[in-house]
Amino acid sequence: MKRSGGTFALALTMSLLLSLGVAAQSDMVMYDDAFVNGWQYWGWATTYNLAATAYVHSGTHAISFLPRNWEAIYPHLDAGVSGTSYDGMNFWVNGGTASGQNLRIVFVLGQTTLANVALSDVLSGGPTANTWRSVRIPFDSVGLTSALVDGIYFQDGTGGTQATVYLDDISFTARSTPPPSGSVTVGVDPSANRRAISPYIYGVSLTGSLATGQPAYPVRRWGGNATTRYNWQVDASNRASDWFFLNYPEATPNPGTLPNNSTADLFIDDCRAHGEQALLTVPLIGWTPVDRQVRWGFSVSKYGAQQQTECSDPANAGWCHADAGNGVKAAGGDVTGNDPYDTSVPITETFVTQWMQHIAGRVGTASQGGLKFYALDNEPALWNSTHRDVHPTALDYAELWQKTQTVAAAMKAQDAGALTFGPVAWGWCEYFYSAHDGCGPGSDYAAHGPLLAWYLDQVQSYLNTHGVRLVDYLDIHYYPQSGSVALSEDESAGTAALRLRSLKSLYDTTYTDESWIGQAIYLIPRMRSLIAAHCPGTQLAI
């Protein structure tokens, strides 16, 4: 590192010397009237023909495929093809009687997604009716330069039903030269376009005590599905659909001292001991476990046979509850009409403010250096799935805001320095649509427009009328949807490359997300613009 002209310039020289030993290679044909050269059909399409004759590019046959319900044509080669030997895949596609079918081309190794490409990104407008069009996917441009690929999905990209599409003459072109190598010099000017960032972006969701030697974090979150129905008075929570809708007591060291020394208390204490801020989830749902007894929401003896019980897995024998069902009827369909009082009791905003009083009595109010961060529940738009034993109805705009206003107003009256996070949206669909509407426009959207924009409008309106900001942080969850990028320990070369590219979805307005979303996300600029337009001064939490 050297000082130059009042700025620091960092020069990094990286030698990318690859000893590839690539032998002369011929092009490989995958499909030419039939699968050849060891390629086999492993797909899960329900309507397809590997020897169709209605539309043929060359020879006598082509592949026909009705794209629907995420189904796919899936050629597989045990030996695989390597990006060190081949530089891309080529094929021809015909829209048949229609145009613009939404397909994704997914390159895999076993169960690991290496690259996920929207057909429209490599073929403008997608397939064309009654016309054969050539497609090429260069391996270097999708992160497959040195990857081994043993399967390709030609997959429906909508989840619905589209018109039949035709594929023919699928092949791989041999590399004439090894993959690119050489030296790269990178200059970094840290004084350019600088913007201070909050230290809280380095926070984590980690509820247990930090182990000896484990680094402290600026903020730690007490969150997840079980926190929606956590009872701070008895130190018990409901595991929701994550585990058979069971109430379980938390492992408090001394239940006789409750509500003191609950696991939530100990979490806050541990954060404070390490100089961290705690982000605590408080309930909006209106239900909490009745006591510390193990109870479950869908009793087999009460509601009939179900597809699974806690004892379905033999590994659970010896401690499981055979009567605890998963809430899905043996014949299919959710169990309905169950009694929420089987596990839970109703609560109001007083349950939350009394919890705040309890916490302040131990560590002080927010202005006194006590707890200041509170999340308004956890992914409420999924209650009708995760917590359907007590909230089977899909949340709409009106209920979301009514619960937010009631609880948040009471919290602000209890501790004016408390900072609230909402609506804790689960992901992409909820940025725009309510649970009531699903993942597309419905009656809520027609009446009010995109969900987060409307939500921020309500925050601003309440602030204008009452002089109180009910939501301090726009809180959204974001999980990359491509392949095994998120919630996976897959560190293969293809997934690592895709994981790195997926970071662009946080900021790049030109990057088309390589997943079912299939469009530019540019999450941070999008949300900052949304806040500026609808409720300036709101902070952003991801």
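The values are calculated or read from the model by the stated rules, or taken from the named source; none is laboratory data. Just so it is clear, the structure is predicted and the values come from calculations on it, not from any experiment. Neighbour counts are summed over all protein chains in view; Cβ atoms, including those assigned to glycine, are modelled from backbone coordinates with ideal geometry. Keep in mind that these areas ignore ligands, DNA and RNA; they rest on the heavy atoms of the full protein, side chains included. Shrake-Rupley method; radii C 1.70, N 1.55, O 1.52, S 1.80 Å.
Annotations
- Net length available on complete extension from SER124 to CYS439 is 110.8 nm, with 0.36 nm assigned per residue and the Cα-Cα distance removed.
- Under 28 Å from the Cα of LYS329 - lysines, other chains or at least 8 residues apart: LYS302
- Residues of the chain: accessible area per residue with a 1.4 Å probe, Å²: 44 Å²
- Rounded if a/c under 1.5, otherwise prolate or oblate - region 67-195, Cα gyration tensor axes: prolate
- The accessible area of ARG272, taken with all protein chains in place and a 1.4 Å probe, comes to roughly 110 Å².
- List HIS387, HIS321, HIS466, ordered by accessible area with a 1.4 Å probe, largest first: HIS466, HIS321, HIS387
- Fraction of antiparallel bridges per DSSP, the chain only, in percent to nearest 5: 80 percent
- 12 Å beta-carbon shell around VAL56, net charge (K/R +1, D/E -1): -4
- Listed residues VAL363, GLY59, ASN37: farthest to the positive end of the dipole of the chain (Cβ charges): VAL363
- Per-residue SASA entry for GLU430, accessible area with 1.4 Å probe, Å² rounded to 10: 0 Å²
- Segments 31-44, 198-211, 58-71 sorted - mean Cβ within 10 Å per residue, highest first: 58-71, 31-44, 198-211
- Taking a sphere under 12 Å around the Cβ of ALA418 and counting the other residues whose Cβ falls inside, with K and R at +1 and D and E at -1, yields a net charge of +1.
- Among [x] 41, 27, 22; [y] 48, 33, 19; [z] 47, 31, 24, the entry that matches semi-axes √(5λ) of the Cα gyration tensor in Å as calculated here: [z]
- Computed from phi, the 3J(HN,Hα) profile of region 140-156 under the Karplus parametrisation 6.51, -1.76, 1.60 (θ = phi - 60°) reads 4, 7, 10, x, 10, 3, 10, 7, 9, 10, 10, x, 9, 9, 9, 10, 4 Hz, with x in place of Gly and Pro.
- Cα gyration tensor shape for region 300-389, rounded if a/c is under 1.5, else prolate or oblate: prolate
- Where both bridge residues fall in region 129-284, DSSP classifies roughly 45% of the beta bridges as antiparallel.
- Within the same chain, lysines fewer than 8 places from LYS372 are excluded, and of the rest, those with a Cα less than 27 Å from its Cα are LYS403, LYS412.
- Of the residues ASP377, ASP339, ranked by 1.4 Å probe accessible area with the largest first, the sequence reads ASP339, ASP377.
- Sites THR60 and GLN519 - FRET efficiency at Förster radius 45 Å, r taken between beta-carbons, to 0.05: 0.70
- Under Karplus coefficients 6.51, -1.76 and 1.60, residue-wise ³J(HN,Hα) of region 220-236 in Hz, glycine/proline x: 10, 9, 9, x, x, 4, 5, 6, 4, 10, 9, 9, 5, 6, 10, 6, 9
- About the Cα centre, charge dipole magnitude for region 376-456 (Lys/Arg +1, Asp/Glu -1 at Cβ), debye: 140 debye
- Applying a 4.7 Å Cβ-Cβ cutoff to the chain, the cysteines left without a disulfide-compatible partner are CYS271, CYS535.
- Positive-end extreme of charge dipole, the chain - chosen from VAL424, ALA409, GLY256 (charges on Cβ): ALA409
- Where a label projected 7 Å from the Cα of HIS76 along Cα→Cβ would reach, residues of region 98-136 with amide N under 18 Å: 106-115
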